[in-house]
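Peer 1: Dropping a structure here in structure tokens format, bear with me for questions.
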Amino acid sequence: MKKYKKIILVHVPIDVKYLNATTLFAPPLGLLSIKSYLETKSENFDVQILDGMILTQEEIELEISKLHPDFVGLSVQLLSYKNALTIARLAKDIGAFVFLGGHHATQIAPQIMMRQYKSIDCVICGDGEKAVFNICSGAKLEDVLNIVFYDQHSRGITTNEREDLDFKLPELPNPYKAKNINFTPYKEKLQNSRFKFNHGAYYRIYSHKGCPYRASSEKNSNSEKKKCVFCGRADRGYRFTTVENYFLYFKLLCVNENDFVFDVGDDLLGKENWVRKAVEYKEKYFETDLNIGTYGRGDRINDSIAKLLQRLGVKDITVGIESGDDSVLSGIGKNICSSNTYLKAARILFENGISMTPSYVFGLPGETRRTVDNTIQHAQKIIALSNDIMGMAPNEIVANLLEPLPGSEAFNVLVKAFPQKYLDNDELELYEMQKDYFSLIYNFKTDREYELYRKEIRVAGKEINGLAEFSDSQGWLADEMLL
């Protein structure tokens, strides 16, 4: 009789004192992809996903204790990391092999393994499908690509070679081929929300991985690295799936005209030829009217690409505007755009029947009371354009508070200023990180100055978030954005 290996993959819930994302109305895409890969490769894996957007920390811990899995994989963020450690220690106590993954874990993998090797066996960096399969199949850690682990013999950290998967290939199956996924809790959560497309189902897909803005400098080691000051994403390159694989998502999900599908790639607009091929494929083989949301850079939006997106079925584009002040944009790595660039982009989208979700960030270098006012006025202008052209406000607007995530330029500022506190530390506290960072760039001398700033900026954030029916802002304490 075959012995099944029990594998639990956990999207770890974040610390309840912080504002949580609300638009996670679908199972975690990365964990779905790993589950699908394992199930496709072997019938001996019993894979279950526990999602911290649906289950509480206590429910997840209880389920792990009850199931006694052989392997536990934890997808972590900065705000969920301490909860992940609690789950990891529980899993290790019952004999499970424990691994971590995600952007946050990738960025601080050596620090994690140096401090947590008694309860965590390895950290997976980057694409995790093949690494998890090899680990669960019994491979030696030194032979598994894309992992960092603690070597008990040398008592040091081993970082294995990293391989980025080409997900054009059939070897990486569609995440929605994963078995026994219950979408009901997600649909119920969506239908009870104020999100505009809440009459059907909500799904997440990816046309690509990586950011073309960063990828343009990765190819040349001598060039200045290009990324936004707060960007902590660990993707490398700019990799697209095939158009056929892209539309396989919609076919597997039996998507209808009431459903909403969000493409989580960093910037769909960086490869216009791919978009053109996708439009041609849809119009030839796919009749369903789609509702697609995506991310896109403001400077790439023109009438030609907008018309293509409209034909593809894109109904909303989230654009990282960050600030409505040109001097701030210039200082944060966004000097590719001016504030007027975003207003022009908004007008083009609205005229083509596509809504924009403007995303702003407070706490940026160079910010002053004047630049904050300019950002509020910028948001109001976009709302006015939407009302004038489309007869309604945008579906969503977002005012975030900067998070100096590991891997970002903002985090590097913290490491340089406070090496003993941040260089080798894995248990990071966002509120404290923000206090240190804002105190450095705004020259605050006391905690009270920081607290007063935070109160003032909260008012500005709430003013922007209140301009549309729906907002999913990040970086704040849970009680700061209560209306």
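Taken together, the values in this text are just the output of simple stated rules run on the coordinates, not laboratory data. In this text, all values refer to a predicted model and were calculated from it rather than measured experimentally. Every residue, glycine among them, receives a Cβ derived from its backbone with ideal geometry; neighbour counts consider all protein chains shown.
Peer 1: Would you mind putting 247-259, 445-457, 405-417 in packing order, based on average other-beta-carbon counts within 10 Å, highest first? Before the final figure, lay out each step's value.
Peer 2: Numbers: 247-259: 16.1, 445-457: 13.2, 405-417: 18.8.
Averaged packing, sorted descending, gives the order 405-417, 247-259, 445-457.
Peer 1: Next up: Ratio of Rg to Rh for the chain, alpha carbon only, Kirkwood?
Peer 2: Working: Rg = 22.2 Å, Rh = 23.4 Å.
Looking at the chain, the ratio lands at 0.95.
Peer 1: Can you sort 158, 375 by how many other beta carbons sit within 10 Å, fewest first? Mind dumping the intermediate values first?
Peer 2: Working: 158 15, 375 28.
Placing the least packed residue first, the sequence is 158, 375.
Peer 1: Sticking with this structure for a sec: Starting from the amide H of residue 204, placed 1.01 Å from N in the peptide plane, find each other amide H under 5 Å away whose residue is 5 or more places distant or on another chain.
Peer 2: 262
Peer 1: For the chain, just give the cysteines left without a disulfide-compatible partner, judged by no other Cys Cβ under 4.7 Å.
Peer 2: Taking the Cβ cut-off of 4.7 Å, the unpaired cysteines of the chain are 122, 125, 136, 211, 254, 337.
Peer 1: First select every other residue whose beta carbon is under 9 angstrom from the beta carbon of residue 82; then total the charges, Lys and Arg +1, Asp and Glu -1. Present the calculation step by step, with values, prior to reporting the outcome.
Peer 2: Details: positive: none; negative: 15, 427, 429.
Neighbour charge sum, excluding residue 82 itself: -3.
Peer 1: How about the range 1-109: which chymotrypsin sites (Phe, Trp or Tyr not before Pro) there are in a DSSP loop, with at most 13 other Cβ atoms within 10 Å of their Cβ?
Peer 2: Details: sites: 4, 18, 25, 37, 45, 71, 81, 97, 99; in loops: 4, 25.
Here the sparse-neighbourhood loop sites are 4.
Peer 1: Considering Cα pairs under 8 angstrom that are at least six residues apart, work out the relative contact order of the range 354-402 and quote it in whole percent. All intermediate terms of the calculation are to be shown ahead of the outcome.
Peer 2: Working: 42 pairs, mean separation 32.0, N = 49.
The normalised contact order for the range 354-402 reaches 65 percent.
Peer 1: Further, regarding this structure: In the range 1-85, which GluC sites (Glu not before Pro) are in a loop and have at most 10 other Cβ atoms within 10 Å, using DSSP for the loop call?
Peer 2: Here the sparse-neighbourhood loop sites are 43.
Peer 1: Can you tell which of 36, 105, 78 lies farthest toward the positive end of the dipole of the chain, using +1 and -1 charges on the Cβ of basic and acidic side chains (Lys, Arg; Asp, Glu)?
Peer 2: 36
Peer 1: Let me ask you something else. Starting with the highest mean, order 125-138, 283-296, 361-374 by the number of other Cβ atoms within 10 Å, averaged over the residues of each peptide.
Peer 2: Ranked from most to least packed, the peptides come out as 125-138, 361-374, 283-296.
Peer 1: Does the range 1-62 come out rounded, prolate or oblate, given a ≥ b ≥ c as the square roots of the eigenvalues of its C-alpha gyration tensor, rounded meaning a/c under 1.5 and, failing that, prolate meaning a/b above b/c?
Peer 2: On the way: a/c = 4.16, a/b = 1.93, b/c = 2.15.
Judged from the Cα gyration tensor, the range 1-62 comes out oblate (a/c at least 1.5, b/c at or above a/b).
Peer 1: In deg cm²/dmol, rounded to 500, what helix-only [θ] at 222 nm does the chain give when every DSSP H run of at least 4 residues adds -39500 (n - 2.57) and the total is split over its residues?
Peer 2: On the way: 18 runs with 193 residues, N = 483.
It lands at -12000 deg cm²/dmol.
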